[in-house]
Each structure stands twice: as structure tokens, then as C-alpha cells.
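Structure first, commentary second.
The values are calculated or read from the model by the stated rules, or taken from the named source; none is laboratory data. These figures come from a predicted structure and were not determined experimentally. Note that each Cβ is placed from the backbone with ideal geometry, even for glycine, and that neighbours are counted across all protein chains shown.
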Amino acid sequence: MKRLALAVAALCLLAAPAFAHAAGRGFVMLLPTGWVIAGGALAVLVSFIMVSRLPRLAMKAPASVAPLSPIVAQVMSLVSALILAALIFVGFAGPRDPVENLLPLAIWTLWWVEIVILHPLFGNLWEAINPFTGPHALLTGRFGRAANAAPLRYPPWASYWPAVLIFFGFAWFQLVYPAPEDPAILAVAVLVYLAVSFAGVLAFGLKAWLGRADPFAVFLSQLGAAAPFGRGGLRWPGAGLLSLPVLPLSGVIFVLLTLGCITFDGFANTFLWLSMIGINPLDFPGRSEVMGANTLGILLVSGVLAAGFFAAVWAGWALAGRPHSLARLCGRLVYSLIPISIAYHFAHYLADTLVKSQYLLLALNDPFETDANLLGIGHAHVMTSFQNTASGALAIYVAQTAALVIGHVIGVAVAHSMVVEEGPSAQRVMTLELPLALCMVAYTGFGLWLLGAPAIS
């Protein structure tokens, strides 16, 4: 016993101190997160003051870009459809381990993170690589030509509500369902989505279904509009959002839901949320035990976000003397949240994607575990050590923090430019923007807090 006590004492003396902030949840390091949160919020507030006092800084909507050639879009879409079919086959026939099977790695890492993040850089890539345009052209005999009229008229009352419902189902499957990465289950989920979407495309046409009812086509077109690069040339980040049409209530709810889901994705693993639902974060029982609470959590976070947005726009509108249609202001200003959504998407998935991308390469190298060496990388090992060093963890945290602050600053600039376009006086511009800007400042602080909040892996 005496020797055991001495050994324990020696280990305690050798142990490094544990601090309050964790970047990537792997390396615990000392960072003044309170100052970081205050500094980020202050940067957003200063950007609002600058643009509101200098109306000439408002961005201009870029000229519209001609659509892709039908044959180009259809050929690329067919290639995507074939790749997706192969991935679904691998989901059923490949390895059972999600980090060795190509389907979950391709869906959750390549598509939902990497391809999504390419959209706010290079424009709406999904317009060309979606798996519907090419097969639809073949089935309707319009290959090489623009799509013709659909057999059914998309009902105006439906608006963006199908996109809202389908995206909520997707978010529930990703964030609440116990096994979203199980290859066979994910393959079935992808097939269900493809069946519903393709039925909608055949019934109502490509433009109507992908333009309003398909959540991913809508979401990625909005992200693509914020891109500084693209077929239209170089422009200010976020400027393309000024060209998008005014959204109806259902479209506004859709944008708020997409942001609410990514926010809850980060919040769901924090000690704070787990304690709120009566779960010991140090003895997490698994997803199956928190399905009900997390379902309500998605609705709660999205509802709070929506309430804050509508209240902020209403307050600015009322303080400015109700100069314009409130519905129009909401339908335009909600686009200012798109840069914030992009930033949250990047920051939330960064650390995980750096690891999962390595698994993706290994799965591509040997998709059926037959000792193939298709990429010539042999039996390379996945590296995670960069998350367990001070320099690596700090680099990830800095990139996440910078992304959140920059996203909010661009959001402020987009909101300012949209208000200026409505034509009120300079004084009314600042009054209209102020409540929404304060809401963004608070949201910046919350987002930065999420990065450093104690959380389970």
C-alpha cells in the first residue's frame, strides 16, 4: 500500500494542469476565452458602426450570370448520379465500420462538409452536380436541351414548406437518430430521399422542385450566392445575396431552420445542454437515451433563433417609423444570416473533417477491404496528433474563431446593403439595422462560447 501511495503521488506531481478550454475536444489548453468572446463581439459591433455611418460602403448586387449549358449540366449530373449509385452499393456491400465504408464518409464528410464549403467560395456547384438533372433529361427525352413543362403545376401554397419538412427530417436523422453513420441504414435513407425528390422533379419539373421544395438545392444555391468567385467573376463576399428574390414566410423559416440545426449540433454535446436535460456528461448513456430531448432541442434552438430574428427586424422597423413592408424586410434581411450559417458550418466541422478526410482517402484506396491499393497510399495511418498538441489545437481554434467573426461581419455588411437598397434616410438606415446588429453581436458571443464550452466528444 505504501508503494502504491507513493506511485500515485508521483503521478499526481507529474500531471499537467487541466484548463477550461478545449479546441477540437482533444487537447486542453489555457486560453482567455472571455476576452476572445468579447473581442469577437466587439469586432462585429464596430463593423456595424462603420457601415451604418458610411452608407457608401454598401455592396452592390452583381449582374446576373447566364445559366449553365444544358448539356454540360446534364452530363455532370449523370456522372454524379452514377457515383452516388456506386456509393449506395458500397453502403450495402462494403465494410460495416462507418470509418471504413465509403458511403458515410462521402455523405457526411465529402458532401455535407467539403462540397458544402466550396459553395460559398466558388458559387452554386450543386446546379451542375446534383443527381437529378441528367437522369430527368434522359427519362423525358430532353437530353442536350432545356427541360420542358412539367405535367403538374407546383402549388403556390406549398412554397418552401416541403424544403422545411425534408430538411428537418434530414437534421433529425443526422443529429438525433442513434446510427446515422451506419452504412446500410444511411444507404436506405439516401434511397428514400432520392425517390421522394425524383418523384417531385418528374411531377413538378426541375425548376419548381429544386428551386423551392428540395432543401439541399435551395440551401446550396443560397450559399453559392455568397461566393466571391464564380462564373460571374470576382465580387465582394456576400454581394450575390442581394440579387436573391424576397423570401416568403416559409423561405424565411427554412433559412432560420438551417442555421438553428447547425447551432444545436454544436450545443447538443455541451455539458450545459446535457445538464439541462438531466444527463451526466461524464456518463453519457448514448443517443438513444436523449432522442426525445434532442428532437425538442432542435425545435427549441431554431424557435429561439427565429423569435430573435423576427423580434429584431420588427423592432428596427417600428423604431424607424414603419417605412416599408415588414414581410419584405424579413424576406430580404434573413439572407444576412447566410454568411453566419457558412461560418458555423466551417467552424463546427473543421476538426472532425481534418480526421475524417484521411479515412475517406483510405476508403477510396481500398473500398471493399480486399487489400487493393487504388491510390497508391498503401496502409497509411490516420493522424490525429495535431489535435493533441498546443500548436495544432490553437491553430484550429484560431481558424474557427476567425471564421465566426468574419461570417458575422459579412452578415452585418449584407444587412446594411439591403437596408440601403430600400432607400430610407441615413438616420433611418441605422435605426432599422441596430436591433438586428445587436442580435448578431449576441449571437457572435454565443458562437464563440460554443467553441470553448466543455463538451463530450
Among (1) modelled with pLDDT of 95 or more; (2) out of contact with any Pro (no Cβ under 6 Å at 6 or more places or on another chain), the one test that R56 misses: (1)
Test: residue in the stretch 63-76 that is within 30 Å of S425 (Cα to Cα) and surrounded by fewer than 21 Cβ atoms within 10 Å (Cβ to Cβ): yes
Any hit, the stretch 390-407, residues being in a loop (DSSP other than H, G, I, E, B) and either over 30 Å from L87 (Cα atoms) or not assigned by TED's automatic domain parsing to the domain that holds I115 (or both): no
Residue in the stretch 168-178 that is more than 19 Å from the chain's Cα centre (by Cα) and under 19 Å from L103 (Cβ atoms) present: yes
Subset tally (residues that are under 17 Å from L139 (Cβ atoms) and either in a helix (DSSP H, G or I) or among the polar types (S, T, N, Q) (or both)) for the stretch 193-218: 16
Residue check, V201 β-branched (V, I, T), surrounded by fewer than 23 Cβ atoms within 10 Å (Cβ to Cβ), out of contact with any strand residue (DSSP E or B) (no Cβ under 9 Å at 6 or more places or on another chain) and closer than 24 Å to F89 by Cα: no
Among (1) outside any loop (DSSP other than H, G, I, E, B); (2) of a type outside the set (V, I, T); (3) more than 30 Å from P245 (Cα to Cα), the one test that H379 misses: (1)
Residue match in the stretch 64-73 (condition: modelled with pLDDT of 95 or more and among the small types (G, A, S)): no
Candidates A403, A415, A351 - the one that is more than 23 Å from V113 (Cβ to Cβ) and crowded, with 18+ Cβ neighbours inside 10 Å: A415
Qualifying residue in the stretch 225-238 (condition: closer than 13 Å to T133 by Cα, of a type in the set (K, R) and in contact (Cβ under 8 Å) with a residue 60 or more places away in the chain): no
Total residues in the stretch 261-276, condition part of a helix (DSSP H, G or I) and either aromatic (F, W, Y) or touching a residue at least 40 places away in the same chain (Cβ under 8 Å) (or both): 11
Tally of residues being farther than 22 Å from G308 by Cβ, among the aliphatic types (A, V, I, L, M) and in a helix (DSSP H, G or I) across the stretch 219-260: 4
Extreme residue, farthest from I456 (Cα to Cα), among residues of the stretch 353-376 that are free of Cβ contacts under 8 Å to residues at least 60 places away in the same chain and part of a helix (DSSP H, G or I): N365
Count of the stretch 142-165 residues which are over 14 Å from F204 (Cβ atoms) and hydrophobic (A, V, I, L, M, F, W, C): 4
From the options P285, P281, P245, P228, residue that is in contact with a Leu (Cβ under 7 Å, 6 or more places away or on another chain), surrounded by fewer than 16 Cβ atoms within 10 Å (Cβ to Cβ) and not hydrophobic (A, V, I, L, M, F, W, C): P281
